[in-house]
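*Asks:* Provided herewith is a single structure, encoded as structure tokens, for subsequent inquiry.
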Amino acid sequence: MTWWTRDTHADRRPVLLARNRIVSAIRRWFEDQGFTEVDPAYLVVSPGNETHLHAFETVAMDESLTPRTRYLHTSPEFAMKKLLAAGEEKIFTLSRVWRNREGGPRHAVEFTMLEWYRAGQGYETLMDDCAALMRVAAEAAGVTTFRHRDTTCDPFAAPRRTTLAAEFARHGIDLLATLDGPQPDAAALAVQLPNAGIAPGQGDSWSDLFSRVLTGRIEPDLGPGPVILDAYPAPEAALARRSETDPRTAERFELFACGVELANAFGELTDATEQRARFTADMALKQQIYGTRYPLDEDFLAALPHMPPTSGCALGLDRLVMLATHAPRLADVQWTPPA
């Protein structure tokens, strides 16, 4: 798409101006809630340590011309948690982030993430935040419905809340039973997959099987929403603390609207020893699958024990604008879409 021609830009401009109104309204909402806006650096030592996240790598030269490998961050999370360790309590950012190997109508290698943290508050508070932000976006865009392609939903409605275990059970799978041991039981999950009409592949890990059911059956069946999909299995929540009511699950939820994932929220893990172990395991798996790994951010791990109990959420701003303006693609709501 040649977005910069005069005719094309004239067609795009109303949506882009709506984006500006939404951003301004979001900033006002956070300020009214007593949040401080922060501006994390984009160039980092570690871009994140989740197995399937892929970063852009570069080389920075210091004053002595010594080369140092650096990355464009995939999330401002590590930096913001360091600010929480430093004493901040309610912070948010509208941060540009980069994720390699992504593209399509709902994805881009460069996009804007709205991320916020509440120290001393439970992660369920973030569910109310998400509902409020959908209303804010709709009001700023001047709409009463969200739309993506042929699916619409009411951004003013309270999100329906459900759990991964409940959704898997609807497809004949006892998800939590596969998490009773010290490690997720791939065989116990594989034997149940035919109940959902899915044939397990040879050599599939537990995570592979979980993802196939999630993307093939659960997410498509959530309905138009908005929906909060809560209580992710602990192995699928690398940065979240385990649930106090059922340690097989974690304090993690995702928000869906019009079938689109909008937000990912955690009750944040602050145990540096456990976090290091999770990162190390994820990087070993990344090396096995992709032949590469990213370094750990030792500064982040050192800061974790100084963080207060915190909940945090990341919301895709471009996706929120896309739904509020009824645009069909992410690129349609970006002032200058990434090449």
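Read the figures in this text as sums done on the coordinates, not as results from a lab. This structure is a prediction, so every number in the text was calculated from the model and none was measured. So basically every Cβ, Gly included, is an ideal-geometry build from the backbone, and we count neighbours across all protein chains shown.
*Asks:* Give the dimensionless ratio obtained when the Cα radius of gyration of region 188-304 is divided by 2.2 N^0.38 Å.
*Replies:* 1.20
*Asks:* Residue by residue through region 162-178, what is 3J(HN,Hα) from phi via Karplus (6.51 cos²θ - 1.76 cosθ + 1.60, θ = phi - 60°)? Round to whole Hz and write x for glycine and proline.
*Replies:* The phi angles translate into 9, 10, 4, 4, 5, 5, 5, 4, 4, 9, x, 10, 8, 5, 5, 5, 7 Hz.
*Asks:* Amide H to amide H, which residues 5 or more places from Arg248 or on other chains are under 5 Å from it, using H placed in the peptide plane?
*Replies:* Amide H neighbours of Arg248, under 5 Å, 5+ apart: none.
*Asks:* Hey, what did the chain get for relative contact order, percent, Cα under 8 Å, at least 6 apart?
*Replies:* 23 percent
*Asks:* Return the long-range amide H neighbours of Glu110 (sequence gap of 5 or more, or a different chain), with a cut-off of under 5 Å between placed amide H atoms.
*Replies:* Distant-sequence amide H within range of Glu110: Arg99.
*Asks:* Take the alpha carbon atoms of region 28-47, find their center, do the same for region 134-201, and report the distance between the two centers in whole angstrom.
*Replies:* If we compute the Cα centre of each part, the gap is 29 Å.
*Asks:* Name the residue, out of Asp32, Asp174, Asp208, whose mean-square fluctuation peaks in a Gaussian network model built on the chain with Cα pairs under 10 Å.
*Replies:* The residue that fluctuates most here is Asp32.
*Asks:* Please enumerate, by chain and number, the lysines with C-alpha under 30 Å from the C-alpha of Lys286, excluding those fewer than 8 residues away in the same chain.
*Replies:* The qualifying lysines are Lys81, Lys82.
*Asks:* Picking from Thr51, His326, Leu94, whose Cα lies most toward the positive end of the charge dipole for the chain (charges on Cβ: Lys, Arg +1; Asp, Glu -1)?
*Replies:* My answer, from the dipole projection, is His326.
*Asks:* Please list the non-local residues whose amide H lies under 5 Å from the amide H of Phe56, H modeled 1.01 Å from N, same-chain partners needing a gap of 5 or more.
*Replies:* Leu72, Asn100
*Asks:* Separate question: Which Cα, out of Leu84, Gln275, Ala199, lies furthest along the positive dipole direction of the chain (beta carbon charges, K/R +1, D/E -1)?
*Replies:* Ala199
*Asks:* Fewest Cβ neighbours within 10 Å first, please rank Leu65, Leu126 accordingly.
*Replies:* Leu65, Leu126
*Asks:* Just how large is the dipole of the chain about the Cα centre, in debye to the nearest 20, putting +1 at every Lys and Arg Cβ and -1 at every Asp and Glu Cβ?
*Replies:* Around 880 debye, computed over the chain.
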